[in-house]
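Asks: So that we are looking at the same thing, I have put the structure below in structure tokens.
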Amino acid sequence: MGSSRELTIQDALNEALRMEMRRDERVFCMGEDIAIYGGAYGVTKGLLQEFGEERVRDTAISEAAIIGAGIGAAMTGMRPVVELMYVDFAGIAMDQIYNQAAKIRYMFGGKAKVPLVIRTQGGTGKQIAAQHSNSLEAWFLHTPGLKTVMPSTPYDAKGLLISAIRDDNPVMFIEHKAIYNEKGPCPEGDYTVPIGKAAIRRPGKDATIVSYSRMALRSMAAADTLAGEGISCEVIDLRTVSPWDTHVVIESVARTHRAVIVEEGTRTGGVGAEISARIMELAFDELDAPVERVAGVDTVIPASATLEAAAIPNVESIVAAVRRTLL
Amino acid sequence: MAPTLARNMPRTLTPDLALWMLRMILTIRMFEEKMLEFLNAGVIKGGSHLYIGQEAVATGVCAALRNDDYITSTHRGHGHGLAKGGDPKALMAEILGKATGVCRGRGGSLHLADLDTGNLGANGIVGGSLGIAAGAALSAKMRNSGQIVACFFGDGAVNTGIFHEAMNMTKVWELPVLFVCENNLYGMSVSVNRATGLTDLADRADGYRMRKAIVDGQDVFAVLEAARHYGEIARSGGGPTFIECKTYRFGGHSRSDARKYRTREEERQWRERDPITVCARRGIEEGWFDTATVEQIRSEVAAIIEEAAGFALSSPEPDPHELTDDLYAA
Ligand SMILES: Cc1ncc(C[n+]2csc(CCOP(=O)(O)OP(=O)(O)O)c2C)c(N)n1
Ligand SMILES: [Mg+2]
């Protein structure tokens, strides 16, 4: 077993929560349907049985109060992990996220800390349409004081969640609803994946693909396809969207001279817009082609499976973008 | 003597406690009068939500709290911060945006916070701190610390969404919170009866089956008694109480308010029940202190406020090089 063990992302997250709750009694979970039901996507299943209802709390449907209470508990010595069932519901709790959690430390002259993890999930893939399928990380990237983490593998899911829980800042931990059952290597022991550090998933020399979350997996598939044509792509999985790893991205672009940024969220004002602007600022002279953005279409996510699939990047659109940079 | 702040209050109503409260009410009043002076002189532009008229509420509630208890505060929060034990110098410097301010000039009047005294912060968002209060109380309960939370908010906040969410959560989990509603009859210009269907906002508690009380917010002794009584219930695991304090802000909502929504006659009537007078009269009647003592405290407090003002005015501006410090904890 040991290092060869494989887990799903869902189980890796569950294990991270268990390990941290065992290690540190200040860690507790609360949210809608997380205890008896085990979480809308099953991440907290079994925690109630192990830790009891004091530390695994079902709440009323009160997103603002859940996050607000997480803040208050975090400011006073606890390390809450609250679950926001869908990232789309951030809208009704946004004041607590961006006006309170993100700003408290700064507003209070550095004298407070808010070690709060807001676990949530986003993205398309379940045909649950406009209000349950969004990728809102650009909102959080635009919010100083927050960190935003979006893993794509079981290994990272566990290691990043442990890091997020041990971090003294509010962390938006955004899982992807379509990849919970993806399996991959995940060691049993205690380990962390540092927040803010990207992973080079695949080294390459012709073009750099920058992505994260589910789109990192599609970017890998695109790189496979392109490899068959003799095009060597470097695939960077950011893992953390805020603060994102500028160093690794710029260093890679300086080698490949081409950059393609892939995200599921809508294009305008998106994460790719920011990364592309940074590449322009820091590595303009290195570029042999305009930076390409492959992103969600600027639209509302539709219900139809056909339309839903058309609203987000696919392997073909990533492949096509890489080819354009090589024309 | 500097105002000794809410430190280990005697458990009974002693002359010392009465004097402490009188001193605190006067401290808040004179602090706010100094703010008014600064506003009129253009020394400050923000920070004009003054607490004049409502001093007995913060004072009576905080006199019932332990040092390590928490409060959450509002946009009208100078009085809460002082009553919980804040240093007038550091609070005033903060309102002036100075480096020596309790939040190093980052928070200002709207975000006065003082974690060392248990003040989890004023809030620029009406209703914004109600969830935080619930969470601090949850934390106290989980840590078994015996702490309670006094959550201050205005009549305007009872119509926000998070108010309902936090009231409900606090009751379901029987968290140790005093919801201290300062009903000063108006949320900016909108009177309570134009904003709700209620006469007594304490009735909001009924919907959550939460204990409730209505208190004369001009009478610090009444506030103290309620806060002690319900505070001890909360401390011993009996859950939250909604305490509505009927009060009045003597001035406008903020500096720019022409007060068109209320009459001068109404203001005159409320001013007759000035919390300073109510407190001093009772203390003298009971023989806890005499007029000379009141005058002496007044001049002592005036000196403290002058000293705070001198400190705040002469303090350095924050260094722009520190603009982005402390966005994140290391
Ligand atoms: C969510 C939100 N809406 C509106 C405002 C603007 N505003 C600031 S104070 C205030 C009135 C609040 O009334 P109340 O809660 O009764 O407190 P008071 O000012 O009377 O102390 C308003 C409308 C705000 N700061 N936050
Ligand atoms: Mg009001």
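The values are calculated or read from the model by the stated rules, or taken from the named source; none is laboratory data. Just so we're clear, the structure is a prediction, and the values are computed from it rather than from any experiment. Cβ: placed from backbone, ideal geometry, glycine included. Neighbour counts: every protein chain shown. The area values use the complete protein model at the heavy-atom level, side chains included, leaving out ligands, DNA and RNA. Shrake-Rupley method; radii C 1.70, N 1.55, O 1.52, S 1.80 Å.
Asks: Give the percent of DSSP beta bridges with both residues in the range A:193-308 that are antiparallel, rounded to the nearest 5.
Replies: Roughly 20 percent of the beta bridges in the range A:193-308 run antiparallel, per DSSP.
Asks: Which residue fluctuates the most in chain A, going by a Gaussian network model with Cα springs under 10 Å, if the choices are A:ARG239, A:ARG119, A:ARG22?
Replies: Of A:ARG239, A:ARG119, A:ARG22, the most mobile in the Gaussian network model is A:ARG22.
Asks: If exposed means no more than 16 neighbouring beta carbons inside 10 Å and the site is in a DSSP loop, what's the longest run of chain A without any exposed chymotrypsin sites (Phe, Trp or Tyr not before Pro)? It would help to have the intermediate numbers written out before the result.
Replies: Working: sites that count: A:TYR37, A:TYR191.
Longest stretch, sites excluded: A:38-190.
Asks: Something else about it: For the range A:182-236, state which GluC sites (Glu not before Pro) are in a DSSP loop and have at most 14 other beta carbons lying within 10 Å of their beta carbon.
Replies: Numbers: sites: A:GLU182, A:GLU188, A:GLU229, A:GLU234; in loops: A:GLU182, A:GLU188, A:GLU229.
Answer in residue order: A:GLU188, A:GLU229.
Asks: Taking the Cα centroid of the range A:234-294 and of the range A:177-224, what is the distance between the two, rounded to the nearest whole Å?
Replies: 16 Å
Asks: Okay, next question. Along the charge dipole of the range B:252-303, which of B:GLY287, B:ALA258, B:ILE276 sits closest to the positive end, that is, farthest toward it, with unit charges on the beta carbon of Lys, Arg, Asp and Glu (+1, +1, -1, -1)?
Replies: It is B:ALA258.
Asks: State the percentage of accessible surface on the range B:238-330 attributable to carbon and sulfur atoms; use a 1.4 Å probe and exclude ligands, DNA and RNA.
Replies: 53 percent
Asks: Sorting B:ARG259, B:ARG249 by accessible area (1.4 Å probe), largest first, what list results?
Replies: Greatest to least solvent exposure: B:ARG259, B:ARG249.
Asks: If you take the square roots of the eigenvalues of the alpha-carbon gyration tensor of the range A:39-87 and sort them as a ≥ b ≥ c, do you get rounded (a/c under 1.5), prolate (a/b over b/c) or oblate? Intermediate results must be reported in sequence, preceding the final value.
Replies: Details: a/c = 2.07, a/b = 1.21, b/c = 1.71.
Oblate, because a/c is 1.5 or more while a/b does not exceed b/c.
Asks: Using modelled amide H (1.01 Å from N, peptide plane; none on Pro or chain starts), what sits under 5 Å from the amide H of B:LEU112, excluding residues fewer than 5 places away?
Replies: Hits under the 5 Å cutoff: B:ALA122.
Asks: With both partners inside chain B, how many of the DSSP beta bridges are antiparallel, as a percent to the nearest 5?
Replies: Roughly 10 percent of the DSSP beta bridges within chain B come out antiparallel.
Asks: Okay, moving on. Distance between Cα centroids, the range B:42-99 to the range A:34-102: provide it in whole Å.
Replies: What the calculation gives is 31 Å, centre to centre.
Asks: Let me ask something else about it. Residue by residue through the range A:294-301, what is 3J(HN,Hα) from phi via Karplus (6.51 cos²θ - 1.76 cosθ + 1.60, θ = phi - 60°)? Round to whole Hz and write x for glycine and proline.
Replies: For the range A:294-301, the Karplus curve yields 10, 9, x, 5, 6, 8, 7, 6 Hz.
Asks: How large is ³J(HN,Hα) for each residue in the range B:174-180, as worked out from phi by the Karplus curve 6.51 cos²θ - 1.76 cosθ + 1.60 (θ = phi - 60°), to whole Hz, x for Gly and Pro?
Replies: Values per residue, Gly and Pro as x: 6, 7, x, 10, 9, 7, 9 Hz.
Asks: What whole-number distance in Å separates the alpha-carbon centres of the range B:282-330 and the range B:138-217?
Replies: So the two Cα centres are separated by 29 Å.
Asks: Follow-up question, since we're still on this one. Give the peptides A:195-204, B:265-274, A:120-129 in descending order of average Cβ contacts within 10 Å, highest first.
Replies: A:120-129, A:195-204, B:265-274
Asks: Do the sum for chain A: with -39,500 (n - 2.57) for every DSSP H run of n ≥ 4, divided by all residues, what is the mean residue ellipticity at 222 nm, to the nearest 500 deg cm²/dmol?
Replies: Helix contribution divided over all residues of chain A: -10500 deg cm²/dmol.
Asks: Can you give me the long-range amide H partners of A:PHE28? Hydrogens built in the peptide plane at 1.01 Å from N, cutoff under 5 Å, separation of 5 or more residues or another chain.
Replies: A:ARG79, A:VAL81
Asks: From largest accessible area down, sort A:LEU116, A:LEU327; use a 1.4 Å probe on the protein chains. Write out the running numbers ahead of the final one.
Replies: Numbers: A:LEU116 0, A:LEU327 180 Å².
Order by accessible area, largest first: A:LEU327, A:LEU116.
Asks: Amide H of A:HIS176 versus every other amide H placed in the peptide plane: which residues, excluding those fewer than 5 positions away on the same chain, fall under 5 Å?
Replies: For A:HIS176, whose amide H was placed from the backbone, the distant partners under 5 Å are A:GLY122.
Asks: Tell me, what ³J(HN,Hα) does each residue in the range A:29-39 have, in order and in whole Hz, if you take phi through Karplus 6.51 cos²θ - 1.76 cosθ + 1.60 with θ = phi - 60° and put x for Gly and Pro?
Replies: 10, 8, x, 7, 6, 8, 8, 5, 6, x, x
Asks: Also, quick follow-up: Over the heavy atoms of B:ILE125, what accessible area does a 1.4 Å probe trace out, to the nearest 10 Å²?
Replies: 60 Å²
Asks: Ok, one more. For the cross-link pairs A:LYS111/B:LYS260; A:LYS103/B:LYS84; B:LYS34/B:LYS260; A:LYS113/A:LYS197; A:LYS158/B:LYS171; A:LYS103/B:LYS98, which exceed 30 Å when the distance is taken from alpha carbon to alpha carbon?
Replies: Beyond 30 Å between Cα atoms: A:LYS111/B:LYS260; A:LYS158/B:LYS171.
Asks: If ligands, DNA and RNA are left out, what is the accessible area of B:GLU307 with a 1.4 Å probe, given in Å² to the nearest 10?
Replies: 100 Å²
Asks: Quick check: residue separation of B:ALA330 and B:GLU265 times 0.36 nm, minus the Cα distance between them. What number comes out in nm?
Replies: Between B:ALA330 and B:GLU265, full extension yields an extra 17.8 nm.
Asks: Here's something else I'd like to know. What is the dipole size for chain A, taken about its Cα centre, with +1 at each Lys and Arg Cβ and -1 at each Asp and Glu Cβ, in debye to the nearest 20?
Replies: 420 debye
Asks: Got a sec? What order do B:ARG235, B:ARG194, A:ARG324 fall in by accessible area at 1.4 Å, biggest, i.e. largest, first?
Replies: B:ARG194, A:ARG324, B:ARG235
Asks: For the protein assembly as shown, with the dipole built from +1 on Lys and Arg beta-carbon atoms and -1 on Asp and Glu ones, taken about the Cα centre, which of B:GLY187, A:ALA64, A:ILE128 lies farthest toward the positive end?
Replies: Towards the positive end, the residue furthest out is B:GLY187.
Asks: Taking the Cα centre as origin and putting +1 on Lys and Arg beta-carbons and -1 on Asp and Glu beta-carbons, what dipole magnitude results for the protein assembly as shown, to the nearest 20 debye?
Replies: Working: 70 positive and 83 negative charges, 85 e Å.
Result for the protein assembly as shown is approximately 400 debye, rounded to the nearest 20.
Asks: What accessible surface, in Å², does a 1.4 Å probe find on B:ILE214, ignoring ligands, DNA and RNA and rounding to the nearest 10?
Replies: Accessible area, nearest 10 Å²: 90 Å².
Asks: Report, as an integer, the average count of C-beta atoms from other chains found within 10 Å of each Cβ along B:153-166.
Replies: Counting other chains' Cβ atoms within 10 Å and averaging over B:153-166 gives 3.
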